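The structure appears right after this line, and notes come after that.
The values are calculated or read from the model by the stated rules, or taken from the named source; none is laboratory data. Just so it is clear, the structure is predicted and the values come from calculations on it, not from any experiment. Methodologically, a virtual Cβ is constructed for each residue, glycine included, from the backbone with ideal geometry; neighbour enumeration extends over all protein chains shown.
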Amino acid sequence: MTEWHSYQPANGHRLPHDPLNAIVAPRPIGWVSSLSADGVANLAPYSFFNLFNYRPPLIGFSSMGWKDSVANIAATGEFVWNLVTRDLGEAMNATAANVAADVDEFALAGIETLASLHVKPPRVAASRAQFECKVTQIVRLQTKEGTELDQWLVLGEAVAIHIDAALLEDGIYQTARAEPILRGGGPADYFAITEDALFQMRRPG
């Protein structure tokens, strides 16, 4: 018989570390580059991130607080999502540092940039897939009682997508070939997607 650890989040989880983001895991990483209205580049990772629609392609991330990324995107209406792979893990982690708004995280982490074609924020040159995005919505999240939170959901439409052609095989994108990393739970857990994790199931007809 299963022994359950049950709790109501409003009353606390009674554990050494909140299990929520370990249960909903692993999560893709929103490595978001943006520019301030004054042209200062910003690069930051968000683990509350995902794809929400095929056509048009809509992606989104949620920020705990009105951080530089959100402020920049609200001001300019543009951002770029950059795929994080295993070889970029440490550089991505370096951009999570809490620094002043006038600090360029590309320079801080020693990351080379690549010019975007349809938006102004730069791409991460070493990233093997990037989405150039135009913002569609910025939504302030709220509780079930309607209380507004300092939590902001940013949604954008990918107007240009760049893929390292080496990740394509007979025109099919090979997810594991890039070894993308994903956020787990706890203070430091990440996972890499590798070929040995692959299994296949086709949808019923």
Return the residues of the stretch 57-96 that are over 28 Å from A176 (Cα atoms), hydrophobic (A, V, I, L, M, F, W, C) and free of Cβ contacts under 8 Å to residues at least 60 places away in the same chain; say none if nothing qualifies. A71, A75
Single residue of the stretch 157-175 satisfying the filter (assigned to a loop (DSSP other than H, G, I, E, B) and farther than 27 Å from E78 by Cα) that is farthest from the chain's Cα centre (by Cα): D170
Filter the stretch 7-34 for residues that are surrounded by 13 or more Cβ atoms within 10 Å (Cβ to Cβ), basic (K, R) and either assigned to a helix (DSSP H, G or I) or over 26 Å from the mean Cα position of the chain (by Cα) (or both) and give the result. none
Looking only at the stretch 5-57, and only at residues there that are among the small types (G, A, S) and in contact with a strand residue (DSSP E or B) (Cβ under 9 Å, 6 or more places away or on another chain), the one that is nearest to V103 (Cα to Cα): A41
Going through the stretch 176-193 in order, the residues found to be part of a loop (DSSP other than H, G, I, E, B), closer than 28 Å to A125 by Cβ and of a type in the set (G, A, S) are G184, A188
Some residue of the stretch 42-52 being of a type outside the set (S, T, N, Q) and farther than 24 Å from F191 by Cα: no
When restricted to R140, R55, the only residue in a strand (DSSP E or B), among the basic types (K, R) and either modelled with pLDDT of 95 or more or within 17 Å of the chain's Cα centre (by Cα) (or both) is R140
Looking for something in contact (Cβ under 8 Å) with a residue 40 or more places away in the chain, within 21 Å of D68 (Cβ to Cβ) and touching a Pro at 6+ places or on another chain (Cβ under 9 Å) - is there at least one such residue anywhere in the stretch 147-164? no
Pair list, Cβ under 7 Å, 6 or more apart: the stretch 172-199 residue farther than 22 Å from F48 by Cα, other residue of a type outside the set (G, A, S) and part of a helix (DSSP H, G or I): Y173/L167; Q174/L167; R177/L167
With respect to the numbered conditions (1) surrounded by 15 or more Cβ atoms within 10 Å (Cβ to Cβ); (2) closer than 30 Å to Q8 by Cβ, which one is the sole condition not fulfilled by N50? (1)
Does P56 satisfy being loosely packed, with under 15 Cβ neighbours inside 10 Å and under 19 Å from A158 (Cα atoms)? yes
Identify, by number, the condition in (1) assigned to a strand (DSSP E or B); (2) surrounded by fewer than 20 Cβ atoms within 10 Å (Cβ to Cβ); (3) small (G, A, S) that S63 doesn't meet. (2)
